[in-house]
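Just so it is clear, none of the values below were taken in a lab; they were calculated from the coordinates. As the structure is a computational prediction, the values presented were derived from the model and not from experiment. Here Cβ is always computed from backbone atoms with ideal geometry, including for glycine, and neighbour counts include all displayed protein chains.
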Amino acid sequence: MRYGVLAKAYEELESTSKRLEMTDILVKLIKQTPVEILDKVIFLTQGKLHPSWLGLPVIGIAEKSAIKAVSLATGINIKIIDEKVKEIGDLGSAFEKFSTKKRQKTLISTPITVKRVYLTLDEIAQASGPGSADFKIRKLAGLLADVNKLEGKWILRTVLGKLRFGIADQTIMDALAIAFTGDKSSKPIIERGYNIHPNLGEIAKTLAKEGLSAIENMKIELFTPVRMMLAQRLSSIKEILEKLGGKCACEFKYDGERIQAHKSGKKVELYSRNLENATSQYPDVCELITQLKANETIVEGECVAINPESGELRPFQELMHRRRKYEIDDAIEKYPVCLFLFDILKKGKTDLIDFPYTERRKILENIVRENDHLKLATAIISDNVTEIEAFFNTSIESGCEGIIAKSIKNDSVYQAGARGWLWIKLKESYQSKMVDSIDVVVVGAYWGRGKRARTYGALLCAILDEKEQKYKTICKVGSGFTDENLAGFIEKFEKNKMDIKPPKVISIIKPEPDIWFEPKFVMEVIGDELTLSPTHTAGFNSIRQNSGLAIRFPRFIRWREDKSPADITTESEVIDMYNQQLKQISQ
Ligand code: ATP
């Protein structure tokens, strides 16, 4: 299939922000795509080459290098290209303007097929070491020499990570359901498949080749991460007990990084909360996992920085020192960790996600030999408010964030990829009316004044409207940042700048931010309370006509590198939190 078909579909996707229209465009594209390259089309449309959990090199080339490639391919002077980019704001669109001019043709030009584009981008991604920068430029130039203006525009946007239309995984699944089964009624089956096998390229190919029943029969596979089960929130133990049927398990809520570990013999891979491959970061944890008394297994736990002498838990920020690519041995020594295991998803050939909590916990206990760096999450089973309260206090005194209450009923399965009511978190009160912190994505910024004149003074933040897959604003955050945070803003957001409001962002705020960003960076914020607000679009019209919800006096807590924009707090959670806050006030 010609890459031009893809470029045309991208053009259409860019011209709408309506989810239904985007789905229709994708359905048409999927139906046109031969099955052998269906996975490649899906990955390219997501702006990647492989699922991120494979840990393979990602597409990426600096804008400067891409400009050089354009110059090589078109014969146009770098300075002129540079100026055009400054004028238009994007190299892809600039290329579109140039390409009416005669370009150099390669001697033997091969047709620009999806396969050729994909394979070339993969070669570019994989190139490393001396001479690789040059190699990448030449490869890209070779491709650009053979394309038409539309193809070039979208290839450049792809390599620069600026596809802009940002298709959500949910929308791709809608389109797959319609394309292969006629309507969306099969979506729950596809979604279940995706939750235990988060590789939409492969799901699409399996659907096309073997049909829906193959997806229905999918099993958990070692070294393919399972999308993680998440917790709901409530603000009192009494409510939690009522919700969980009067009796439940309670575990310490450790404040570290969630890890899903896959083991087969001596081979171990680790996956983070947003399914990134974290294996190389934690060789010490891999070693601990090899000690489990199960040849093949998938377990989950929270990795926490500790003081090795006292065994005390250290704050989350300490663990962030382990997020590095180099000098890992040094980091292991300086920032040792303990892995607190709390779940098991597979043992041997048996998938355990449909087993109830108590059975899973028993199986987990049987394979763990505890030591200073590997422990089971501290847990009790109780039906008593006073006992749970004491357990909650012990957890806080031990350096945890609170507790996670877990259902122990027969249906207390591991709900892959879902934030259901089988797990409920209760965090330490922040002495505010807000029941919990909120994870938001940064969508814009305002220039600072005075001391902050050279950086951004405040960031415009949004939550996720999970139905429409849009980001709706909820606050402007200017406090809680350290000087180091502030000084790093410009560089951090440089690659995410957009010349216009991203179509996925719904905002009515006035004045508009000075700069818009492609939603990417997630941060955790806390405020005094949630309030009604005419200027923010989160929960608009859901509590009161012409009002949205805003965080009052929002403060930055920390960056959440372990989360992607798809994992942030959703609109329905915020509405729930607002209602819980009202209840708290009236109690
Ligand atoms: P938060 O923002 O509160 O850390 P989250 O959005 O990452 O949470 P939640 O579902 O809200 O995810 O809270 C569950 C998180 O708490 C898990 O992702 C995990 O990292 C952490 N956690 C710590 N201890 C436990 C435990 N005993 N059982 C389950 N999760 C735990």
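What is the antiparallel percent of DSSP beta bridges lying wholly in the range 230-427, to the nearest 5? Kindly include the intermediate steps, with their values, before the conclusion.
Numbers: 42 of 49 bridges.
Close to 85 percent.
Per-residue Karplus couplings for the range 131-144, computed as 6.51 cos²θ - 1.76 cosθ + 1.60 with θ equal to phi - 60°, are listed in order as x, 5, 4, 5, 4, 4, 4, 5, 4, 5, 4, x, 5, 5 Hz, Gly and Pro entered as x. For Thr113 and Asp528, a Förster radius of 35 Å and the Cβ-Cβ distance give a FRET efficiency of 0.05, rounded to the nearest 0.05.
Return the calculated 222 nm mean residue ellipticity for the chain, to the nearest 500 deg cm²/dmol, obtained by summing -39500 (n - 2.57) across DSSP H runs with n ≥ 4 and dividing by the residue count.
Values: 21 runs with 218 residues, N = 587.
Calculated mean residue ellipticity at 222 nm is -11000 deg cm²/dmol.
Take 387-395, 525-533, 130-138 and order them by the average number of nearby Cβ atoms within 10 Å per residue, most first; the result is 525-533, 387-395, 130-138. Taking the fewest neighbouring Cβ atoms within 10 Å as the starting point, the ordered list for Val5, Val268, Val226, Val58 is Val58, Val5, Val268, Val226.
Stretching the chain fully between Thr350 and Arg323 yields a gain of 6.4 nm (0.36 nm per residue, less the alpha carbon separation).
With a ≥ b ≥ c the root eigenvalues of the C-alpha gyration tensor of the range 230-427, is it rounded (a/c under 1.5), prolate (a/b larger than b/c) or oblate? The shape class here is oblate.
Within the shell of other residues whose beta carbon sits under 9 angstrom from the beta carbon of Gln581, the net charge comes to +1, with Lys and Arg scored +1 and Asp and Glu -1.
Taking amide hydrogens as placed 1.01 Å from N in the peptide plane, the amide H of Ile59 sits under 5 Å from those of Leu49, each at least 5 positions away in sequence or on another chain.
Highest mean first, the peptides 361-370, 534-543 sorted by other C-beta atoms within 10 Å per residue fall in the order 534-543, 361-370.
For trypsin sites (Lys or Arg not before Pro), the sites in the range 473-564 that DSSP calls loop and that have at most 16 other Cβ atoms within 10 Å are Lys520, Arg544. Share of antiparallel DSSP beta bridges in the range 438-586, in percent to the nearest 5? The antiparallel proportion sits near 90 percent. Here Lys86 is the anchor, and the lysines within straight C-alpha reach of less than 17 Å, apart from those fewer than 8 places off in the same chain, are Lys64, Lys68, Lys97, Lys153, Lys162, Lys495, Lys497. Of the trypsin sites (Lys or Arg not before Pro) found in the range 255-330, those that fall in a DSSP loop while having at most 13 other beta-carbon atoms within 10 Å are Lys266, Lys293, Arg323, Arg324, Lys325.
At full extension, Trp447 and Asp82 could sit 128.9 nm farther apart than now, given 0.36 nm per residue minus the alpha carbon distance. Using the alpha-carbon centroid of each, what span in Å lies between the range 405-424 and the range 543-587? If we compute the Cα centre of each part, the gap is 22 Å.
Distance between the C-alpha centres of the range 176-205 and the range 270-295: 28 Å, rounded to the whole angstrom.
Normalised by 2.2 N^0.38 Å, where N is the number of residues, the alpha-carbon radius of gyration of the chain equals 1.01. Between Lys31 and Leu56, take the C-beta separation as r, use R0 = 25 Å, and let me know the FRET efficiency to the nearest 0.05. For Lys31 and Leu56, the calculated efficiency is 0.30.
Just to confirm my numbers, what's the Cα centroid distance between the range 227-262 and the range 446-488 in Å? Taking the Cα centre of the range 446-488 as reference, the centre of the range 227-262 is 30 Å away. Ranking Thr386, Ile543, Val159 by how far each Cα lies toward the positive end of the dipole of the chain (charges on Cβ) leaves Val159 at the top. Stretching Ile380 away from Arg138 to a fully extended chain increases their span by 81.0 nm, per 0.36 nm per residue minus the current alpha-carbon distance.
Please report the antiparallel percentage of the DSSP beta bridges confined to the chain, to the nearest 5.
Values: 73 of 84 bridges.
Looking only at bridges with both residues in the chain, the antiparallel portion is about 85 percent.
Each label was represented as a point 7 Å from its Cα along the Cα-to-Cβ direction; for Ser310 and Lys492 these points are 3.0 nm apart.
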